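What follows is a single structure, written as structure tokens, with notes after it.
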Amino acid sequence: MTTTVTRLPLPVSPAALLPEPWFTAAADPLLWIFVCASIPMLLFGADRLVDAAVRIARAAGMSTILIGATIVSLGTTTPEAVVSVRAAIGGEAGISLGNAVGSIICDTALIFGLCCTLTALRKDRFILNRHGWIQLGSGALLVAVALISWAVSGDMADVRIGRGVGLLLLGLLVGYMVLSVRWAREKPELVPQEAAVALSPNRLLRMVLASLLALLVGLTLVVLGSELLVGSAGEICRRNHVPEPVIAVTLVAFGTSLPELVTAIASVIKGHQELLVGNVIGADILNVLFVVGASATATPLAVEPVFFRLLLPVMMLVLILFRAFIFMPGDRFRRWQGIPLLIIYVLFVVFSVTVFGIGA
């Protein structure tokens, strides 16, 4: 009797932006050099990224959490969007949707869960009660579109997200950015006190341009460092006969969220916890509106049965749990609240490998 294994649509190569021969043709010592070189790139890049984001927030008169939910999250998800669109055009549309949904699970369950367990993160209810609803609504919209497509097709194996939906999501992305700016103007008391210091127009312009350049440099280092680390580590694992399912569900899925992770850790270390929370919320929103929207606009995305059986239910579970924690009393997330999110992520990884045979 033949057993059919459902595979999770994830990229076959952990490093999707850098050329694959960089890793497959490299000698073992060179791979280890890549790994060692990626660590300072990640650390320095995340440090520059956080500092620049905070300076931009102060200069623009915006709260740091809002900068995290817009500029920083847009920067960290843009590489995912590029990879997903390339995959969709290349006939691997399932990878595009898998990247987006997997990143939401990783960002919310692993990254937020881990940082929440390590320190009591501050809540900004004005922002969380607005962006948080969009975060949950974006995930619910994706599930609704998939279910409607399933109902229309009548066959779980023939569900697609069409170009019309992709254009709708991109339109909602523009609306989200406009709303974010309006909300920032509604609540000036959220702006750090340093923003109230009067600066001459020329000095303010120089500060903003310098900060944007530093932000771009930091983001570039974080993204390239992530690609270098994940690609090298993945090839090292293959050469040492680590099973492909383990590589797929750990390095590949984790690698797409590595920029958010190093940014989150740097934010906590530097005392800008609100940047972490904003980045997680913004990345979740943009993974639906930006990554899925751009990919579906390029070519219709296939929603494979594994999305209904595993990915979409887990995604909604972590988003609802995160939303429930926002509603709980107190001006901080409790450290214990990160534990159930981490447990969900671990179970997700275990089920992905043992039940759904990722990479098999």
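General observations
- At full extension, Asn202 and Thr354 could sit 48.8 nm farther apart than now, given 0.36 nm per residue minus the alpha carbon distance.
- Each peptide in 101-110, 209-218 was scored by the mean count of other Cβ atoms within 10 Å over its residues; highest first, the order is 101-110, 209-218.
- Extension gain, Val346-Val152: 0.36 nm per intervening residue step, less the Cα-Cα distance, totals 66.4 nm.
- The Arg332 and Asn129 beta-carbon pair, evaluated with R₀ = 22 Å, returns a calculated FRET efficiency of approximately 0.90.
- Neighbourhood charge, 10 Å Cβ-Cβ cut-off, centred on Ser149 and excluding it, Lys, Arg +1 and Asp, Glu -1: 0
- Placing dummy labels 7 Å off each Cα toward the beta-carbon, the span from Phe308 to Asn240 is 4.1 nm.
- Under the simplified labelling scheme, the Leu167-Trp32 pair shows an inter-label distance of 5.5 nm, with each label point 7 Å from Cα along Cα→Cβ.
- Residue order, fewest to most surrounding Cβ atoms within 10 angstrom, among Phe322, Phe351: Phe351, Phe322
FYI, it's all coordinate maths here, none of it is from the lab. What you are looking at is a predicted structure, and each value in this text was computed from that prediction instead of being measured. We place every Cβ from the backbone using ideal geometry, glycine too, and count neighbours over all the protein chains shown.
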